[in-house]
1. Quick check, is residue 85 touching a residue at least 24 places away in the same chain (Cβ under 8 Å) and part of a loop (DSSP other than H, G, I, E, B)?
2. Which condition does residue 57 not pass, out of (1) under 18 Å from the mean Cα position of the chain (by Cα); (2) farther than 15 Å from residue 130 by Cα; (3) part of a helix (DSSP H, G or I), if it passes all the others?
3. Taking segment 110-126, which residues are surrounded by fewer than 17 Cβ atoms within 10 Å (Cβ to Cβ) and either without any contact (Cβ under 8 Å) to a residue 60 or more places away in the chain or out of contact with any helix residue (DSSP H, G or I) (no Cβ under 9 Å at 6 or more places or on another chain) (or both)?
4. Could you say which residue among 34, 52 is assigned to a loop (DSSP other than H, G, I, E, B), surrounded by fewer than 20 Cβ atoms within 10 Å (Cβ to Cβ) and on the phi < 0 side of the Ramachandran plot?
5. Any idea which of (1) within 27 Å of residue 131 (Cβ to Cβ); (2) more than 13 Å from the chain's Cα centre (by Cα) is the one residue 33 doesn't satisfy?
6. Which is closer than 30 Å to residue 139 by Cβ and modelled with pLDDT of 95 or more, of 29, 73?
7. Only one of (1) within 10 Å of the chain's Cα centre (by Cα); (2) under 19 Å from residue 82 (Cα atoms); (3) buried (at least 16 other Cβ atoms within 10 Å of the Cβ) fails for residue 129. Which number is that?
8. Here is a check on your reading of the model: is residue 41 without any contact (Cβ under 8 Å) to a residue 40 or more places away in the chain and farther than 30 Å from residue 138 by Cα?
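The values are calculated or read from the model by the stated rules, or taken from the named source; none is laboratory data. Because the structure is predicted, anything quoted here is derived from the model rather than measured. When we count neighbours, we look across all protein chains shown, and the Cβ atoms used for this are built from the backbone with ideal geometry, even at glycine.
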């Protein structure tokens with residue numbers, strides 16, 4: 001398979017991942033704290049997560065939402081440059097999105113607090129983008 005097709009595939013994966021996370025960030029910051037926590041930990045009975053929460057907890061959840069927003073936007077912007085074959089953008093997207101999903105996987109997936117969709121699917125999408133990026137990178141090294 002030609003490298004440019006793989007680059008386009010990586011781009012689509014990161015745009016999808018980035019937009020979903022940017023939207024999730026906006027929704028997390030826009031909602032109430034119990035609703036945001038229940039939306040993130042969707043495998044937990046929402047009644048167990050109902051408030052009231054201290055304002056500091058709301059601030060932490062809003063910070064999480066802000067992080068989701070900027071991480072999603074960063075990977076989406078990187079995707080534009082990946083489309084053009086920029087290996088640095090692949091590294092930044094993989095580092096940013098990949099590390100965000102490692103935390104999600106460790107604390108939410110392995111903790112059993114989420115259903116498979118959509119969060120775990122996003123982890124699989126970022127993993128696929130990272131693996132394909134490593135393939136492109138290794139190929140570029142071999143061609144050099």
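1. yes
2. Unmet for residue 57, out of (1) under 18 Å from the mean Cα position of the chain (by Cα); (2) farther than 15 Å from residue 130 by Cα; (3) part of a helix (DSSP H, G or I): (1).
3. 110, 111, 112, 115, 116, 117, 120, 121, 124
4. Just a single option satisfies the conditions, and that option is 52.
5. (1)
6. After applying the criteria, what remains is 73.
7. Failing condition for residue 129: (1).
8. So residue 41 fails the test.
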